[in-house]
Every structure is written in C-alpha cells, then in structure tokens.
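Note sheet for the following structure.
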C-alpha cells in the first residue's frame, strides 16, 4: 500500500473544512439549546410548580371554608316549618373540596416528575458529554490539521511548479535534438546533403579521357622515358 496521497485539488479540502465548521456551529447550538431547555424545565418543576400548587391549596382551603360557611348559613335559615334545600351551596362546597383535593394531589406529582427530569437530565448530559468533547476538542484539532495540510500542499505546489517547467523545457530540447539531421557523415547521404549526386566526379573524369586520348598516351610515354632514360648513357 502506497503512503503517498494523490491530491489533485485543494478545493475539496477547503470545502470539507467549511462543512466541519458548519457542523461544529450547529452541534454547539443544539447542545446549548437542549441544556437550556433542561435547566428551564428543572427550574419550573423545582421552583415554580411547588409554589404554584402551594398557593392553589391555600386558595382552595379558603374557598372550602367560605362554601362551608354559606352552606351552614343556608341550613340555619328557616321560615316557619319551611326548611331550604341549600342545593347550590352544597354543590359549591363539594366543588371547593374537589379542587382542594386535586391541588393537594399535584404536590407529589410535581415531586415525582422533578426526580424523573433530574435523572434524565443527568443521563443526557453524560451522553452529550462525548459530543461536547468532540465539538470542543476533536473538531478544532481536525480543523488545525486540515489547515496545516493545506499550507503544506500550497508550499509543495509552489516548489513543484518551477521544477515541472524546467522538466518540460528539458524534454522539449531533447526531442528537438533527436529529430535534427546528423552532420559530418560521408557517402551518398553526405553527397545528397551537399546537393551533388553520387558518382558525378567519376563521370566527368571519364568524359575528359574520352575526348583527349592523346594526352593520356603522351603522358604515359613521358612517364616511361623518365624511368628508363637514354640507352647510350
């Protein structure tokens, strides 16, 4: 397995880093929002609801007392042998007692849900701690690594560009030297290069000998005389 990286463009790394930053911001916002909602719910169950139902119980107690007084006054009224039924007062008294019982029953309900919410909030913070650690520690390390990689890749690109230019120039010059014709060669190729066809010199000499045969014989006898010399000497 090769240890080199086939990087063709740094734009992908920049896009990935931007996506990581976006995820970091959204995850941080979600964690803060959920933690804030849990705190508000805990405060509502711990501070608001107990005081609310305490006031409701006190109000219901007063209403029960007032309804009992009205019911008693109604029963005490008599007109001769006529005794009033006091049905409305009796119903009001019963409704006041039911409201008081309901308000009193909400106190343990609030206490129960406060315990449940506290437990679930603790469980959530324990699980969300991993995400919080990833957002606040791991992602910044990842972004720093990506930034470092981009800087190194850009430096490498600036160094590789002149080397590639020199290599292309060297390749072009080598190809030009290979395609150029070789100089200083002899034979028919050299004659063809000089512009004169092969065998033209020998043909000219043969034509001159044919036109002047005497000259060649004279020269031959002269050469023989030079070698033999006079007979009597």
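The values are calculated or read from the model by the stated rules, or taken from the named source; none is laboratory data. No experiment lies behind these values; they were computed from the predicted model shown. Heads up, the Cβs are rebuilt from the backbone with ideal geometry, glycines too, and the neighbour counts pull from every protein chain shown.
Can you give me the number of residues within the range 126-141 that are more than 28 Å from the chain's Cα centre (by Cα) and surrounded by 14 or more Cβ atoms within 10 Å (Cβ to Cβ)? Before the answer, list the steps.
Kept after step one, since they are more than 28 Å from the chain's Cα centre (by Cα), are these residues of the range 126-141: 126.
Now restrict to residues that are surrounded by 14 or more Cβ atoms within 10 Å (Cβ to Cβ): none.
Residues flagged as more than 28 Å from the chain's Cα centre (by Cα) and surrounded by 14 or more Cβ atoms within 10 Å (Cβ to Cβ) within the range 126-141 amount to 0.
I'd like to know if the range 80-88 contains one or more residues that are surrounded by 12 or more Cβ atoms within 10 Å (Cβ to Cβ), touching a helix residue (DSSP H, G or I) at 6+ places or on another chain (Cβ under 8 Å) and assigned to a helix (DSSP H, G or I). Taking every residue of the range 80-88 in turn, none turns out to be surrounded by 12 or more Cβ atoms within 10 Å (Cβ to Cβ), touching a helix residue (DSSP H, G or I) at 6+ places or on another chain (Cβ under 8 Å) and assigned to a helix (DSSP H, G or I). One residue stands out among those in the range 60-77 that are in contact (Cβ under 8 Å) with a residue 24 or more places away in the chain and either within 21 Å of residue 105 (Cβ to Cβ) or loosely packed, with under 12 Cβ neighbours inside 10 Å (or both): the one that is farthest from the chain's Cα centre (by Cα), which is 68. Would you say residue 165 is modelled with pLDDT under 90 and either closer than 30 Å to residue 24 by Cα or in contact with a strand residue (DSSP E or B) (Cβ under 6 Å, 6 or more places away or on another chain) (or both)? Here the answer is no, as residue 165 does not meet what is asked.
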